[in-house]
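Here is the structure we will look at.
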């Protein structure tokens, strides 16, 4: 213990001076991070549809939703686009709601800033982090009976005919078990303009705190397992939403113009409904045919607790 204390004191005494009163100038840097995002409000749908035709000369002008849950409606409408001659159809769908849980994610970033010379720094940073869905806690689930067809105006309507509720539970399920081996990867890319203040505490390290605002690009990637179906394809989703962060950390000089930055960031991204799906066309023909669809939707405000380490380089 004495040896450890002696080495620590020697490190403190021999370290370069604090950074709070650095001269004005530009700097750039790189970061590596690990973080945990919040759970998402999730929906899962599995639909099987049988279509009759051919008969229609052109695809529907519009597809109308008559009381079908939005996720299931999206699945059926996407599948319908592959059968432009269909006149009518019916579907049985399993629909569930609950929470999606994600594993810790890793990422990195780039930053560029300007030191004001009075402890204030203005900084722009671009960072990205990926998370994989690992579990789902269902709050409700229903079996849906749906009919669809064209009307005289060449509009197709999917209508909820009957619903068998009460199939839900409260146990957290493995995500790949309930999606038949599929994975759901989500990525959040933040571009933020920040203001940080360095505090001169008379130590070889400089604590800082600050905040920032900007936007985030959110994306959802559905990674399907191998399938021997006649036709199969995936539809992913993305959105741009407002974002902000709070940050704090410690900065310590390592060499001339090189600084180590150890920090914590609390990131916040606005809500967007993102739906990713996989469509299987069993009989990819005009008119008569059938398809199956599996999709996952997530929404809600995203929060991310992030620990990061980086190096910044003072520019000449």
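Over all distinct Cα pairs, what is the inverse of the mean 1/r for segment 133-284, reported as the Kirkwood hydrodynamic radius in Å?
20.6
With r defined as the distance between the Cβ atoms of residue 313 and residue 234 and R0 fixed at 51 Å, what FRET efficiency is calculated, to the nearest 0.05?
That gives a FRET efficiency of 0.80.
Report the full-extension gain for the segment residue 299 to residue 159: residue separation times 0.36 nm, less the Cα-Cα distance, to one decimal in nm.
Computed gain between residue 299 and residue 159 is 48.0 nm.
Taking every DSSP beta bridge that has both residues in the chain, what percent is antiparallel when rounded to the nearest 5?
Antiparallel: roughly 95 percent of the beta bridges in the chain.
Would you calculate, for the chain, the mean residue ellipticity at 222 nm contributed by helices, counting each DSSP H stretch of 4 or more residues as -39,500 (n - 2.57) and dividing by all residues, to the nearest 500? The partial results should precede the final answer.
Values: 3 runs with 28 residues, N = 316.
That calculation yields -2500 deg cm²/dmol at 222 nm.
Quick one: if the Förster radius is 51 Å, what FRET efficiency do residue 36 and residue 88 give, using the C-beta to C-beta distance and rounding to 0.05?
0.60
Here are some values of Rg/Rh (Cα atoms, Kirkwood Rh): [x] 0.96; [y] 1.17; [z] 1.05. Which one was computed from this structure?
It is the one labelled [y].
To test your reading of the geometry: what angle, between 0 and 90 degrees and rounded to tens, separates the Cα axis of helix 70-80 from the longest principal axis of the chain?
Helix 70-80 and the main axis of the chain meet at about 60 degrees.
Sorting check: for 252-264, 61-73, which peptide has the highest mean count of neighbouring beta carbons within 10 Å, and how do the rest follow?
The densest-packed peptide leads the list: 61-73, 252-264.
Each value in this text was obtained by applying a stated rule to the coordinates, not by laboratory testing. These numbers come from a predicted model, not from an experiment. Neighbour counts run over all protein chains shown; Cβ positions are idealised from the backbone, glycine included.
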